[in-house]
Each structure stands twice: as C-alpha cells, then as structure tokens.
C-alpha cells in the first residue's frame, strides 16, 4: 500500500521539525526523524483518522518501531483487517 507510506511520510513531516530537503523513506530510522512519544502519537492519531482504523494502545510504544517501514507495515496490516 503505497498510499500508507506516502501519508505517513507526510504526517512525519507535518509533526516533526525536519528540513524540507531531508529525504524520508521506509528505511529511515524513527530516531533520525526526531520521533519521540509525543510526535509518534500525533502521527498515529493522523493515521487513524486518515485510514479509518483503530490501533491497539498496547501496540503503540514508539520504541517498538525502529524504522518508518516497520510502522508502515503495522498500519498496512491494520488497514487490511478493516471490513
């Protein structure tokens, strides 16, 4: 789902303080993006609203996601399970 990746990159840019020339892809580490617990939750809330999903609070420790790709995969799986 390319759509999920594009949207998450957009959300990370919106919630973070990255220069516009900073290249983000699925291999980018969340730590390189300056993601902390607050920015992570902002991205999660935006994703839930954009994709009409509810993510499990127990799964949402930002330290469990090393790269943006891991977060993309998690959200794609949740989207696939939606009716």
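The values are calculated or read from the model by the stated rules, or taken from the named source; none is laboratory data. Only a predicted model underlies this, so the values are computations on that prediction, with no experimental measurement involved. Note that we place each Cβ from the backbone using ideal geometry, even for glycine, and neighbour counts take in every protein chain shown.
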Note to self: Within the range 47-68, does at least one residue satisfy the condition of being in contact with a strand residue (DSSP E or B) (Cβ under 6 Å, 6 or more places away or on another chain) and surrounded by 15 or more Cβ atoms within 10 Å (Cβ to Cβ)?
What the structure shows: yes
Next item on the list: Sort out which residues of the range 58-82 are touching a helix residue (DSSP H, G or I) at 6+ places or on another chain (Cβ under 9 Å), modelled with pLDDT of 90 or more and not in a helix (DSSP H, G or I), and write them in order of number.
Entry: 60, 61, 65
Margin query: Tell me whether the range 24-34 contains one or more residues that are farther than 20 Å from residue 66 by Cβ and at pLDDT 90 or above.
Written below: no
Checklist line | Check on residue 78, surrounded by 13 or more Cβ atoms within 10 Å (Cβ to Cβ) and within 12 Å of the chain's Cα centre (by Cα) | finding: no
Check: What tally of residues in the range 38-50 results from selecting those that are at pLDDT below 95 and more than 12 Å from the chain's Cα centre (by Cα)?
Finding: 1
Check: Looking at the range 12-40, which of its residues are part of a helix (DSSP H, G or I) and either surrounded by 14 or more Cβ atoms within 10 Å (Cβ to Cβ) or at positive phi (or both)?
Finding: 12, 13, 15, 39, 40
